[in-house]
Structures are given as structure tokens and as C-alpha cells.
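Supplied in C-alpha cells, the structure appears directly below.
The values are calculated or read from the model by the stated rules, or taken from the named source; none is laboratory data. As the structure is a prediction and not an experimental result, all values here were calculated from the model. Heads up, the Cβs are rebuilt from the backbone with ideal geometry, glycines too, and the neighbour counts pull from every protein chain shown. Ligands, DNA and RNA are stripped out before the accessible areas are found, and what is left, the full protein with its side chains, is counted by its heavy atoms. Shrake-Rupley method; radii C 1.70, N 1.55, O 1.52, S 1.80 Å.
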Amino acid sequence: MSLKIDSINVWLGQTANASEHGGLVDHMLGFVHWFMVVLGVGWSIYLAIAFYRFRQKKTAKADYHGFRGHATTHIEIGVVIVEAILLLGFAFPLWSRQADEYPTSPDTIRMRALGEKFLWNFQYPGTDMMLSTWDLRNVDGATNTMGKDLHDPNGKDDFVNPGTMKLPVGRPVIVDVASKDVIHNLALVPMRAAQDATPGVKSHMWFKPTKEGSWDIICGQLCGPGHAQMKAILEVVPAAEYDAWAKEQSESAKKKADAADAAAAKPAAH
């Protein structure tokens, strides 16, 4: 039954699901799409009947009461009931799960996505799995694109991957989302996840990739003349490949941070 309901999503060209919770989203969307098809066909038939029945040739004098049956009232009540079921039975429980049941397992990856006109930067925790604290006032376009607190020891091994969100398959991911300038939206269509990036607000979302692949990340909020070009890459790879990549990036970032600390300490010593 689920496949039949969800098949309309495929017919409409929807990107294949690649997240654990995405099946529930697709199931709800399938219901909505079929419901809209039934409504569209039903109201089109009703309009055709109304146009024919109340055409000027047949009723030269306007009838201000029109149709006097109760069928339309029953249909409207039915529409309200179905919409209530979709909202209370599907949307609210799914939203509650995604809003409250954040993963706590030790293999959870917590990362940061920072949007700006017109690109995305992604900060990853190092081998300590701890992200640094940050503040937009710390942003320096040349040396600190993410606004990291350079004195936070948790950030020594953090690294930034501009333009590509690389993730392991089968592990939960929590993404902190923010913006440097205007409202953006981090839209991860195959993960069935999206979150507004609002200046001054630190937002969050989570999902669990279940399929390897590469997809476009888009900005889902009109943000300026370069909005259409504000794209990045979502890349889901095997867990072992991700771990090796993250370890290499983290070690490189820590070496750079240690070198910067050593250089800063020399003038102080003199």
C-alpha cells in the first residue's frame, strides 16, 4: 500500500529518499499529492456541471441561491477531516520526532553549516568529536570564515570544508545552521531536511543518511541576485572512507593551529 501511495512522488519527479526518516515524509507527501489529485478532479467536474447547469441560455435570470443540495457541504467537511488527519496523524508526530528526539549515540556527528551570499561553509569536529564555540563577531574572511573561538581548545582540531558537506552513511548527523548576512535555507532534498539560516539565530536539524551518493545542496530561501547560484555538494560515503578523510583533515588543522599558537607566543616571550 505504501509503495502505491508513494509512487505518485516518483511520477512527479521527486528526488529519491536517502535518509532514515524520509520514508515517513514521502508517505505523507504521497497522501497529500493523491488528495490534491482527487480534489482537482472533483472540483473540475463540479465546475463543469455548474457551468452547464447555470448557463445563461438556460437561466436567463440570475439565480442568487444557486445549488440547494448538501453535497458540497459534505465534501467541504470531508476535506477538513482529511486535512486534520494529515496534520495530526502525520505532520505533527513527524515534526515532534525531529524536533525533540535528537540522537545521543557516541557515533553522532555534530557539524556546523554557515551560509553567506552566496555560498555554504561546513565546519567539522576533529578527532575529539567536539565543535568549538563560535560567534559571528569573530568572522574574518581570510583566517576565520566560521567565526570560531580561537581560544577554545575544542576547536584546535576542527576543520572547514567549503562547498561540500561530506558525511558517512549510516550515522546520525546534527547540523547547526546559521547565517552571516541574510536569511538563507539549507535544503538537503534527498535527506528530506531543511532549516532556515537566520542571522543572529543558531538553529539545528538532524537526519541519518541511509544511501551513498552525491547531490546538490540548494538555498531554499530567496536571498538575493545570486540565489540561484548558491549551491554546494552533499556527498555521502562509506563510514571508513569518511573516518580516514576526517582524521587527515583534523590532523592538518591541528598542526596549523599549533603553528599559529607558536608564532603568536614568540613575540610575547620577547
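Please verify whether THR133 is more than 29 Å from LEU222 (Cβ to Cβ), surrounded by 11 or more Cβ atoms within 10 Å (Cβ to Cβ), touching a residue at least 12 places away in the same chain (Cβ under 8 Å) and under 20 Å from the mean Cα position of the chain (by Cα), treating the condition exactly as stated.
Values: more than 29 Å from LEU222 (Cβ to Cβ): yes; surrounded by 11 or more Cβ atoms within 10 Å (Cβ to Cβ): yes; touching a residue at least 12 places away in the same chain (Cβ under 8 Å): yes; under 20 Å from the mean Cα position of the chain (by Cα): no.
Here the answer is no, as THR133 does not meet what is asked.
Looking at region 94-106, can you tell me whether even one residue there is among the polar types (S, T, N, Q), assigned to a helix (DSSP H, G or I) and either in contact (Cβ under 8 Å) with a residue 40 or more places away in the chain or open to solvent by 90 Å² or more (accessible area, probe 1.4 Å) (or both)? Working first, answer last.
Our first condition is that a residue be among the polar types (S, T, N, Q); within region 94-106, this holds for 96, 98, 104-105.
Those left that are additionally assigned to a helix (DSSP H, G or I): 96, 98.
Going one step further and asking which of them are either in contact (Cβ under 8 Å) with a residue 40 or more places away in the chain or open to solvent by 90 Å² or more (accessible area, probe 1.4 Å) (or both), we end up with 98.
Yes, region 94-106 has at least one match.
Restrict the check to region 14-31 and report whether at least one residue is under 30 Å from PHE122 (Cβ atoms), touching a Gly at 6+ places or on another chain (Cβ under 7 Å) and surrounded by 12 or more Cβ atoms within 10 Å (Cβ to Cβ).
Yes - at least one qualifying residue is present in region 14-31.
Any chance you could count how many residues in region 107-118 are in contact with a helix residue (DSSP H, G or I) (Cβ under 9 Å, 6 or more places away or on another chain), surrounded by 16 or more Cβ atoms within 10 Å (Cβ to Cβ) and either over 21 Å from ASN154 (Cα atoms) or among the charged types (D, E, K, R) (or both)?
2
Another question, if that's okay. Between a first residue in region 186-197 that is surrounded by 20 or more Cβ atoms within 10 Å (Cβ to Cβ) and a second residue that is of a type in the set (Gly, Ala, Ser) and not in a strand (DSSP E or B), which pairs have beta carbons less than 8 Å apart while being 6 or more apart in sequence or on different chains?
So the pair list comes out as LEU186/GLY220; PRO190/ALA16; PRO190/ALA18; PRO190/GLY22; MET191/ALA18; MET191/GLY22; ARG192/GLY22.
Just the residues that are of a type outside the set (S, T, N, Q) and under 17 Å from GLU241 (Cα atoms), please, taken from region 160-181. If you could, list the steps in order and put the result at the bottom.
Applying the first criterion (of a type outside the set (S, T, N, Q)) to region 160-181 yields 160, 162-163, 165-178, 180-181.
Scanning region 160-181 gives MET165, LYS166, LEU167, PRO168, VAL169, GLY170, ARG171, PRO172, VAL173.
Which one is nearest to GLY89 (Cα to Cα) among residues in region 1-25 that are in contact (Cβ under 8 Å) with a residue 24 or more places away in the chain and in contact with a Ser or Thr (Cβ under 9 Å, 6 or more places away or on another chain)? Working first, answer last.
Within region 1-25, the subset in contact (Cβ under 8 Å) with a residue 24 or more places away in the chain is 2, 5-6, 8-9, 15-22, 24-25.
Checking which are in contact with a Ser or Thr (Cβ under 9 Å, 6 or more places away or on another chain) leaves us with 17-20, 22, 25.
Details: ASN17: 21, ALA18: 23, SER19: 21, GLU20: 19, GLY22: 16, VAL25: 12 Å.
Once the filter is applied, the top-ranked residue is VAL25.
Can you tell me which of (1) farther than 30 Å from PRO190 by Cα; (2) in a helix (DSSP H, G or I); (3) at pLDDT below 85 is the one LYS58 doesn't meet?
(2)
Specify the residue that is farthest from ALA194 (Cα to Cα); the eligible residues are those in region 218-251 that are open to solvent by less than 60 Å² (accessible area, probe 1.4 Å) and assigned to a loop (DSSP other than H, G, I, E, B).
PRO238
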